[in-house]
Each structure stands twice: as structure tokens, then as C-alpha cells.
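Notes for the one structure printed next.
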Amino acid sequence: MKRRIFISMCILAAVTVALSSLLTFVVMHHRIYNLEKEDVKEAALYIASGLSMVEDPYSYLQNISVGSNRITLVAEDGSVLYDSVEKAENMDNHLDRPEISAAMKNGFGESVRLSATLHKQTFYYAVLLNNGMVVRVASTVDSVFRIIAGFIPYAILIIIITFILALLVAGRETAKIIQPINKLDLHNPESNEIYDELSPLLSRIAEQNTQIENQMRQLREKQEEFTAISQNMREGLIVLNEKAEILSINNSTLHIFGAQGQNYLNKNILVLSRDLALSTAVKSALEGKPSVETLTIGNHQYQLIANTVWVDGHIKGAVALILDVTERYAAEQMRREFTANVSHELKTPLTSISGYAEIIKNGLVKTEDIPLFAQRIHTEASHLIDLIEDIMRLSCLDENNVDMSREPVDLMEVSKDVCQRLESLAKDKNVTVSVSGENAIVLGSRQILEQMIYNLCDNAIKYNRNNGSVNVIISCLENGVELTVSDTGIGIPKEHQNRIFERFYRVDKSHSSKIRGTGLGLSIVKHGAIYHDAKIQLESEAGKGTTIRLVFPLPPMNVQ
């Protein structure tokens, strides 16, 4: 702006100086032109006055000095008697010359025209003498221009000086004009004291500042809300522009891809991960086609949902949502395995029952063997009933649909009752079972607690070695009640320890097939512990035995 004002003022100064000079020359030309005409007139009158007093006009005219003026003496008939430039005899009759004709009629005459002799624009002034002759004085116009030309160097010097002064004044005035504008406080426009002409602009700026401040505050609030929501989402969220550059990414996404502590904003999605499923989904979304892909990262399964962002019918980017579906996949896998295992576990006793019944039906069994076959059918039916009861019990625990009231239960008493029921099994396996510790009260379901302890002790006996032992210990701790079941059995290898509480999971299927059971015992223990808010701890080593601890929370003071 300063430069434009300065240039404008310089142009104005230059035009002003040029016009002033031009007008000065025009006025000067006009003035000198008139003065020149007056000089010619005065010279003509002077010569006429002199001629009237002399007897020999030729001698007078030859000796008189009138500068650069031309003198001509014309007779009454128009013939030229004398001329200071040309020979009189070579000149035409001048009776038709305007100034000559006018002088003969009026006593004087003047004109300005192109001289036939000099071929220049010329001033003429003629005076009628007493003897009837006419004396004429002429001066060319170029004498005017010569006078003006003499002033041109001075005029140019004046123009240069004036223009320089104009530049200096323009610079100073420009600075004075711009300085207040440069010092404007646009944050508080109405506090400025400046030109009245800028008041409407400053008022408008103040209004716009208020509007912008309100809009910025709203944008900050929305940004904070979006950030708070996105950063606290369990799901991963990525917002991309049309070039697949990351505009926003939350912490869950960085955690999923193991990229914490790095800045990925305004970087291509491939910098975050080159996973094929991610690239495919993003590419599809940026082409206007929503996509759903499955990501496998480590031991986790994720569902990637990528949708297109449309603005006024144009694709402006994409939004990707990453959902952790590991548990759902695991649950689906467990459901399939559970279905397969239940089918297998139900089919086996049913096949045996059906087979034995068919043999008896067809009369292929001796009379004395019928009780043996009947016993086998009864055994398989009992196993089938136990399996169904365990499945129903586990289903109730799964859905937290246990219609039993909680009551104070003494774990020492329950443990002794359970071990007494298992004495015959322990005797058959040649295993010693002992219960020790102290009486400890927990708040819970006696039936479920009995089933939990029974399953733990039953497994400890079944999977024990000959002459082995099972120890049940009840202890009161500062933060709870601990029930420990340890055995000297075959133990559980490390790679299987995180799965033994799954339904129907068997560590050694060949060995487990020889030991009758539903395969749901430890799963019932796990869900029973969840029902009672208890924690399970497992310690086991292959060939050396297993220890399982259940830590129950302390009951309320009024229950004890």
C-alpha cells in the first residue's frame, strides 16, 4: 500500500509539473507572440515617423537598425521600392498584400501569414506615409520560438528540482499517511484514534473479530469434544483426507498398531502400517466404496470398517473404525468347539447304550450276561445324566442365572464332606486325601461351592499317581479366605495351563479317554469362582503335580 501511495503521488507530481510547464510555455508563447507583434508595430511607427522627416528615404532605411526585423518600402501602385532582405526589382507587386491594402485604406494594417520570400510564418505591420508610400516591418515567428528555446534549459532545471522536491514531499507524506495505519491495533480496532474515514472499516473489523472469536471458541469446544470422545474410545479411529493422509488418529489406534509416541498427522496411512487389509479397505473407501476387512495383529483379531466421506458430491476422505473382535472370535471358536465336544460327549454314551440295547434286543447276549450289559447301560446313562447336569449348571453360571440365595458357608466343613464322598474313589486309585487348616466362612452358594471343591478334588484324585496324595488346605488371610488343593499327580505342561479351564479341554486326550468324566469340571470351577468374586491361581509342573488356589473375598463383618 505504501508503495502504491508513493507511486501515485509521484505520478501526480510528475503530471502536475508537466502540465504546469506546458501551460507556462503556452502562456509564455502567447505573451512573447503578442510582445513580438507590439515590437513590430512600434518599429513600423518609429520608421514611419523617421521617414516623414527625411528627404532621402533610401539612405535613411539603409542606415537604420531594427534588429532582425525586415523593412519593406512600397509605392502607391504596390511596387516594391526597397526591401532589407531581397532586391526590390526581384519582388512582386505588393498591392494585394493584406497589410498593404489595409494601410492604404486605413493608414495602417497588420497580418500574420507565411512569407512568400522567407517561407516562414511572419508578423507584418504596415503604415501609410504622407507621400502615399507604405512602409512595412516584418518579423518571423521562429524568433518567438528562439526566445522560448532559450528558456528551456532553465525550465528543465526547474522541473527537475521541482520533481525531486515532489518526491521528497511524497515520501514524507506517504510515511505520515501510512504510519497510523501500520500502528493499528486490529485486536482492539475501536480503541484506535485515526482517520474518520476508517471508522466504518474499524467498526466492521471489530464485529468480525467478535464473530471470529465466537466461531473459534465453538470450534475449540467441538474439537475438544471430538478429541475427548475419540481418545477415550476403545475402538481405533482414523480420519483421512482424499490423499490418504492422516488428519486424526486416536490412542487406541496407536496402541493397536504398536505406534505410541510417534506423530502420524499429515502422513500417509502406509507410514502407520503397510497391512494389506488396511491398505485395501482405505483404497476402496477413497474410491467411494465402503469396505469391511479383518486385521490380524499378533494374537488379536480386529474388524476394520472404512467408509467414504462425501462433501457436495465429491470424495473428501475416509473414516476407518477398528473394532477388537478377539473375544468374539474366541467365543465363536469356543462355541464351535463346545458344540463339537458336546456332540461327541453325548454321542459316545448314547452309542454305547444303543449298542448294548440292540445286542440284548437281538438276543445275542446270554442270560447270565444280561445283568452285566444292564450295568453298562446304567453306567453310560448315569454318565450322560451327569454330563447334561454339568452343561445345565455351567449354562446357568454363564448367564449368571443361579437361583440360589447366598449364605455363610464354612469351607472347612464343605471340604471334609466332599473328601468323605470321594473316599471310595481315592481308595480305588490308592491316593491319600487330607483336609487341614482352619474354619473359614465365605458368603456364597453352598451347592456351587461343594461342586467346585468336588471337581478340584475329583480331578486331583483321578490324575494322580499310585500312592499319591491330595491335600486340601483352608487358610484365613488378611485380604480373603484361601482354599488350596494340591496333588502329586501327572501335572500340566506350561503350554496347556492357560486353557485347562475351557470346556471339554483335555491335556492328553489318549490318557484322559481312559478316565471317565464330563470334561467340564474345571470350567465349572472357573465360573463358580466368577460367581463368588474369587481369584484362581494355578501352579503346576509336568510329572510333579498341580496346585490350585481359590481366594475368596472376606464376608461382611455381620456375617461372620
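The values are calculated or read from the model by the stated rules, or taken from the named source; none is laboratory data. Given the structure is predicted, the values throughout are model-derived calculations rather than measurements. Positions of Cβ are backbone-derived with ideal geometry, glycine not excepted, and every protein chain shown enters the neighbour counts.
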Q.
I need every pair where a residue in the range 240-269 that is closer than 21 Å to Trp310 by Cα has its Cβ under 8 Å from the Cβ of a residue that is part of a helix (DSSP H, G or I) and of a type in the set (Lys, Arg), sequence separation at least 6 or different chains.
A. Ala244/Lys283
Q. Restricting attention to the range 423-450, which residues are within 60 Å of the chain's Cα centre (by Cα) and either among the aliphatic types (A, V, I, L, M) or more than 16 Å from Val481 (Cα to Cα) (or both)?
A. Val442, Leu443, Ile448, Leu449
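So which residues in the range 419-436 are small (Gly, Ala, Ser) and either in a strand (DSSP E or B) or within 11 Å of Ser469 (Cα to Cα) (or both)?
Step one: of the range 419-436, the residues small (Gly, Ala, Ser) are 424, 426, 434, 436.
Listed by number, the residues that qualify are Ala426, Ser434, Ser436.
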Q. Can you tell me which residues in the range 61-108 are assigned to a helix (DSSP H, G or I), surrounded by 14 or more Cβ atoms within 10 Å (Cβ to Cβ) and at pLDDT below 85?
A. Leu61, Ala88
Q: Kindly check whether there is at least one residue in the range 404-422 that is within 60 Å of the chain's Cα centre (by Cα), modelled with pLDDT under 75 and either within 30 Å of Pro553 (Cβ to Cβ) or among the polar types (S, T, N, Q) (or both).
A: yes
Q: Go through the residues of the range 17-29 one by one and say whether even a single one is over 30 Å from Ile160 (Cβ atoms) and part of a helix (DSSP H, G or I).
A: no
Q: Kindly establish whether Asn459 is out of contact with any Cys (no Cβ under 6 Å at 6 or more places or on another chain), crowded, with 21+ Cβ neighbours inside 10 Å and either more than 13 Å from Gly545 (Cβ to Cβ) or modelled with pLDDT under 90 (or both).
A: yes
Q. When the range 264-293 is examined, which residues are found to be of a type in the set (Asp, Glu) and crowded, with 17+ Cβ neighbours inside 10 Å?
A. Asp275, Glu293
Q. In the range 288-304, how many are more than 20 Å from Ala259 (Cβ to Cβ) and not in a strand (DSSP E or B)?
A. 3
Q: Would you mind telling me which numbered condition in (1) out of contact with any strand residue (DSSP E or B) (no Cβ under 8 Å at 6 or more places or on another chain); (2) modelled with pLDDT of 90 or more Val342 fails?
A: (2)
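What helices (runs of 4 or more DSSP H), lying completely within the range 173-281, carry at least 3 residues that are within 21 Å of Ile322 (Cβ to Cβ), within 27 Å of the chain's Cα centre (by Cα) and at pLDDT below 80? Explain how you work it out, then say what you get.
On the way: elements: 199-231, 251-256, 269-272.
Ranges flagged: 199-231.
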